[in-house]
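Here's the structure we're looking at; comments come further down.
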Amino acid sequence: MLSENVRRLRTTDGDTVETVARSTGLPIPLIQAIENGREEIAPRALQRLAQHFRVKPEDLLA
């Protein structure tokens, strides 16, 4: 599930929501919404998150 995977990867890496936002160029409220259960995001946002966490986009969705 996207929300669980993003939160797990972020906390495992020791990142804050702010750090992820800076690295990806995504707004903090979007990252918070994803972690709180928003499952539908733009493909470009998914790609940016995957790049940040060094995983494939489909791994974030699994």
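Quick notes on this one:
- Approximate shape of the stretch 7-62 as ellipsoid semi-axes (Cα gyration tensor, √5λ), whole Å, largest first: 14, 13, 11
- For the chain, the list of GluC sites (Glu not before Pro) that fall in a loop by DSSP and count at most 15 other C-beta atoms within 10 angstrom reads 39, 40.
- Heavy-atom accessible area order for 54, 38, 10, largest first, 1.4 Å probe: 54, 38, 10
- Computed over the chain: relative contact order in percent, which uses C-alpha pairs under 8 Å that are six or more apart: 46
The values are calculated or read from the model by the stated rules, or taken from the named source; none is laboratory data. Predicted, not measured: the structure shown is a model, and the values here were computed from it. All Cβ positions, even for glycine, are placed from backbone atoms using ideal geometry, and neighbour counts span all protein chains on display. Ligands, DNA and RNA are stripped out before the accessible areas are found, and what is left, the full protein with its side chains, is counted by its heavy atoms. Shrake-Rupley method; radii C 1.70, N 1.55, O 1.52, S 1.80 Å.
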